[in-house]
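Only one structure is covered here, and it is reproduced in the block below.
The values are calculated or read from the model by the stated rules, or taken from the named source; none is laboratory data. Fair warning: this is a prediction, and the values are worked out from it, not measured in the lab. When we count neighbours, we look across all protein chains shown, and the Cβ atoms used for this are built from the backbone with ideal geometry, even at glycine.
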Amino acid sequence: MYKIRPEDLYTPEEYERARDKEYRDVISLERGRRLVTKTFSFLFEHPKIVVNQRNEMIYLEKIHDQEEVRDLISIYSEILPGKNELSVTMFIEFPDEKTMISSMPKLAGIEKMVYLTFDDHSIKAIPEEGRSTETLESTLQYLKFKFSEAEKQAFLKSRNAFIETRHPLYSESARISEELLKDLRSEINESPE
């Protein structure tokens, strides 16, 4: 798994000087890695995105304590994909608070009903440990898709891939663009140990 390293992170003062450029670069990267359905959006994680999020946190909270920085590195490295994995952050999106309040109870367990499908393969997402509860409490879910070697080889040759939710009330899918699919195939083929 790629691990965030201390040298990947700026001090608050360094990031303040680099912030505009870093922000533009990450927004551009995210735009190509996000899939959107009616209710959900899915962001395929990338080290640059996660590092930028940590730099933003360090900057906004003015974190200088190196132990606190090490804790952030440890926690957020887990978001990144490991060997033969893809990592996705799932956002549950509502037009307004009223809709969110009425819809959240109906979405319980949605994080366990997300699939990456391609050719004759369907890989069920693995939600972040400890986030799943009887009721959905967060509109943000961290998911991983773990590939067997056979699934990985099939994915590397795949021409069409989708993210799907298979919830009785929220059955939605989004096709992965050709450009993103090319990037994901490259990333999973070079995934770290």
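Determine whether Arg33 is in contact (Cβ under 8 Å) with a residue 60 or more places away in the chain and among the basic types (Lys, Arg). The answer is yes for Arg33. Residues in region 1-38 that are farther than 22 Å from Ser138 by Cα and not in a helix (DSSP H, G or I) were compared, and the one that is modelled with the lowest pLDDT is Met1.
For region 101-116, the condition of being buried (at least 17 other Cβ atoms within 10 Å of the Cβ), under 23 Å from Arg24 (Cβ atoms) and among the β-branched types (Val, Ile, Thr) holds for none of the residues.
The residue that is surrounded by the fewest Cβ atoms within 10 Å (Cβ to Cβ), among those in region 67-100 that are out of contact with any Phe, Trp or Tyr (no Cβ under 8 Å at 6 or more places or on another chain), within 25 Å of His167 (Cα to Cα) and of a type outside the set (D, E, K, R), is Pro95. In region 137-158, the residue that is modelled with the lowest pLDDT out of those that are part of a loop (DSSP other than H, G, I, E, B) and in contact with an Asp or Glu (Cβ under 8 Å, 6 or more places away or on another chain) is Thr139. Taking every residue in region 73-100 that is more than 22 Å from Arg54 (Cα to Cα) and pairing it with any residue that is outside any loop (DSSP other than H, G, I, E, B), at least 6 positions away or on another chain, the pairs with Cβ-Cβ distances below 8 Å are Asn84/Lys146; Asn84/Glu149; Asn84/Lys152; Asn84/Ile188; Glu93/Phe40; Glu93/Ser41; Phe94/Met100; Phe94/Ser103.
Those strands (runs of 3 or more DSSP E) of region 39-136 in which at least 3 residues are touching a helix residue (DSSP H, G or I) at 6+ places or on another chain (Cβ under 9 Å), considering only elements entirely within it, cover 40-44, 85-92, 121-124. Among residues of region 151-162 that are more than 13 Å from Glu187 (Cβ to Cβ), those with a beta-carbon under 6 Å from a residue that is among the charged types (D, E, K, R) and surrounded by 12 or more Cβ atoms within 10 Å (Cβ to Cβ) at least six positions away or on a different chain give the pairs Ala154/Asp119; Ser158/Asp119; Phe162/Arg175.
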